[in-house]
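*Asks:* Dropping the structure in here first, questions after.
The values are calculated or read from the model by the stated rules, or taken from the named source; none is laboratory data. Only a predicted model underlies this, so the values are computations on that prediction, with no experimental measurement involved. Quick reminder, even Gly has a Cβ in these numbers, built from the backbone with ideal geometry, and neighbours come from all protein chains shown. What goes into the accessible areas is simple: the full protein's heavy atoms, side chains included, and nothing from ligands, DNA or RNA. Shrake-Rupley method; radii C 1.70, N 1.55, O 1.52, S 1.80 Å.
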Amino acid sequence: MTDTIMHTSDRVIAATYKRFPIVLERGQGCTLWDTRGRRYTDFVAGIAVCNLGHAHPRIADAVARQARQLVHVSNLYYTIPQTELARMLVEQSFADRVFFGNSGAEANEAAIKLARKFFKDKGQPERFHIVSMEKSFHGRTMATLSATGQDKIKQGFDPVLEGFSFVPFNDIDALESAIDTRTCAVMLEPIQGEGGIRCPDPDYLQQVRQICDRQGVLMILDEIQTGMGRTGKRFAHEHYSVTPDIMTLAKALANGLPIGAMLATERVASAFGTGAHASTFGGTPLVAAAAVETLKILEADNIVDRSRETGDYFEDALKQLKRRHPCIVEVRGKGLLLGIQLDRPADGLIPVLIEKGFLVNCVQGDTLRFVPPLIIQENDIDLLVACLDQVLTQ
């Protein structure tokens, strides 16, 4: 059956993914099983999506209840789950308003459109330019890949949209020099995930905020990967005591169901009046019910604090591993968004780790990224680190 599924998939699905030769069939918590019955401990979590693990019973029950009641009616009408989700997000963040889409790319598209519309409404149509970061990742739609600071994402899609420029992450002087009278926003991730798990200097985000305020520019924080407790805070920017004007969320918001959200202050969100933006499936009752339950579990089960504590344990274990292996250049990250950069290509290690029962991801060619469910146990971390020790020794 496994070979048949892989062959059929390769024949009928667009060849945009280089898949590993396993067919995952079911999951429970931090464990996945393939169609051959092999078991894997998941340190990918759907790429920082399944923060509460796989097949969480409360989320499954919430989805089942909502599916029997109301799945979709469009945003022409009010619905209870969407309203409840928006209320919770506003109460748990800096924001006053929420716009719902289906993905992180859609959330970032909405943020880009809102920033430009804000200045159009102020009578400053020349202010449409957005400064982003080198090695950033904001999505694969035409606008979000244009805002992404990685050339490989843009290959084959020229011409990309105008109005974006890029500066090195953590270089405050370069950022200040890039802002001019055309600039409407600075867009960045608090911690670069796809860019290699790169954290900001302690005062960098505060300096970005100060420059934005001084220049009258909006600050957009892409928290699609870093939000929802991933770094040990509900949102990563809370580590750095800054408040954005616009923030985007997706990935873990509904623990695996497709949803994106753009949050903004009232001052900025007012530029999105009736008809300014829309999404047919944005915030449907089904996905909103899952997201509401996700937020409740994060709060009631103290998952965010647990993420910080487990992340500290994991980071310390990786730093001990580094002391034993000179090929590890650096251990980076915060909470349960961690990575180890090697002095050589790291992608060849992924099949080896899969064979040994661990799912891990590689970014930027030389960095192993670890984004397990936030409920990962210290014993699972110990087993992975022991496996890495063995593999790096060999």
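*Asks:* Would you mind checking the pairs Lys113/Lys152; Lys113/Lys135; Lys154/Lys322; Lys154/Lys251; Lys117/Lys251; Lys135/Lys334 and listing those with alpha carbons more than 28 angstrom apart?
*Replies:* Correct reply: Lys154/Lys322.
*Asks:* Excluding Phe128 itself, what net charge comes from residues whose Cβ is under 14 Å from its Cβ, given Lys and Arg +1 and Asp and Glu -1?
*Replies:* +3
*Asks:* Taking all protein chains in place and a 1.4 Å probe, what share, in percent, of the accessible surface of the chain do carbon and sulfur account for?
*Replies:* 51
*Asks:* For a bin width of 10 Å, list the pair-distance distribution of the stretch 54-192 built from all Cα-Cα distances, rounded to whole %.
*Replies:* Once binned at 10 Å, the Cα pair distances of the stretch 54-192 give 10, 30, 31, 19, 9, 1.
*Asks:* If you don't mind, another one. Under the Kirkwood approximation for Rh and a Cα-based Rg, what ratio Rg/Rh is obtained for the stretch 224-287?
*Replies:* Numbers: Rg = 13.4 Å, Rh = 13.3 Å.
Taking Rg over the Kirkwood Rh, I get 1.01.
*Asks:* Springs between alpha-carbon atoms under 10 Å, Gaussian network over the chain: tell me which of Leu353, Leu342, Leu76 tops the mean-square fluctuations.
*Replies:* Taking springs between Cα atoms under 10 Å, the residue moving most is Leu76.
*Asks:* With the chain treated as a Gaussian network of Cα nodes joined by springs under 10 Å, which of Ala178, Ala276, Ala250 yields the largest mean-square fluctuation?
*Replies:* Maximum fluctuation in the GNM of the chain, among the listed residues, is at Ala276.
*Asks:* Follow-up. With the dipole of the stretch 1-157 worked out from charges on the C-beta (+1 for Lys and Arg, -1 for Asp and Glu) around the Cα centre, which of Gln66, Leu52, Phe137 lies farthest toward the positive end?
*Replies:* Of Gln66, Leu52, Phe137, it is Phe137.
*Asks:* Over all directions, what mean area does the Cα convex hull of the chain project, stated in square nanometres?
*Replies:* So the Cα hull casts an average projection of 19.9 nm².
*Asks:* Can you tell me the alpha carbon radius of gyration of the stretch 182-267 divided by the globular rule-of-thumb value 2.2 N^0.38 Å?
*Replies:* 1.08
*Asks:* Equivalent ellipsoid semi-axes for the stretch 302-373, as square roots of 5 times the alpha carbon gyration tensor eigenvalues: give them largest first, rounded to whole Å.
*Replies:* 21, 15, 10
*Asks:* Let me ask something else about it. Among Val329, Val352, Val23, which one shows the biggest mean-square fluctuation in a GNM of the chain, springs joining Cα atoms closer than 10 Å?
*Replies:* Between Val329, Val352, Val23, it is Val23 that shows the largest mean-square fluctuation.
*Asks:* What chymotrypsin sites (Phe, Trp or Tyr not before Pro) does the stretch 28-121 have in DSSP loop regions with at most 14 other beta carbons within 10 Å?
*Replies:* Answer by residue number: Tyr77, Tyr78.
*Asks:* Turning to a different aspect of this structure: Before I look further, what does the stretch 78-133 give for accessible area per residue, probe 1.4 Å, in whole square angstrom?
*Replies:* Numbers: 2460 Å² over 56 residues.
Computed with neighbouring chains in place, this is 44 Å² per residue.
*Asks:* For the stretch 237-356, take the convex hull of the Cα atoms, compute a quarter of its surface area, and give me that in nm², please. Before the final figure, lay out each step's value.
*Replies:* Working: hull surface 46.2 nm².
Its average projected convex-hull area is 11.6 nm².
*Asks:* Ordering Ser165, Ser270 by accessible area with a probe of 1.4 Å, largest first, what comes out? Walk me through the numbers before you get to the answer.
*Replies:* Numbers: Ser165 30, Ser270 75 Å².
Ranked from most to least accessible, the order is Ser270, Ser165.
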